[in-house]
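Working notes for the structure below.
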Amino acid sequence: MGSNSIWTSKQNKIFEDALAEYCKDSPEWWQKVARAVGKTVEDVKCHYQKLVEDIECIESGKVPLPNYRPYKENRKEKKIIDDQEQRYIYT
């Protein structure tokens, strides 16, 4: 499996939505996801494998969390947030 297909952010979002929507135990799972995204089954399998590898790296601590800045609730004051919330705010 060695697809070098380029994925747009829109295709990636559709891919992620399709993974959540279709049952992985379905015999035509790969085909359904590929059809939803507009890619080949080989492209989807390769992209899925890269996603699995990324998740494994994140969960094993090999990917450090970014240094997030505090979220500004409004212009007059800064809201102090806990680490759990801060993960979702990008610089």
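Read-outs throughout are calculated quantities, based only on the coordinates presented, and are distinct from any laboratory measurement. Since we're looking at a predicted model, the values are computed, not measured. Ideal geometry is used to build each Cβ from the backbone, glycine not excepted, and the neighbour counts take in all protein chains shown.
Mind grabbing the base-10 log of I(q)/I(0) for region 1-70 at q = 0.24, 0.27, 0.28 Å⁻¹? Debye formula, identical points on the C-alpha positions, no solvent, two decimal places.
Calculated log10 I(q)/I(0) at the listed q: -1.07, -1.21, -1.25.
Label point 7 Å out from residue 23 along Cα-to-Cβ: which residues of region 41-56 have amide N under 16 Å?
The answer is none, because no backbone nitrogen lies closer than 16 Å to the label point.
Based on the mean of other beta carbon atoms within 10 Å per residue, what is the order of 47-55, 22-30, most packed first?
Ranking the peptides 47-55, 22-30 by packing returns 47-55, 22-30.
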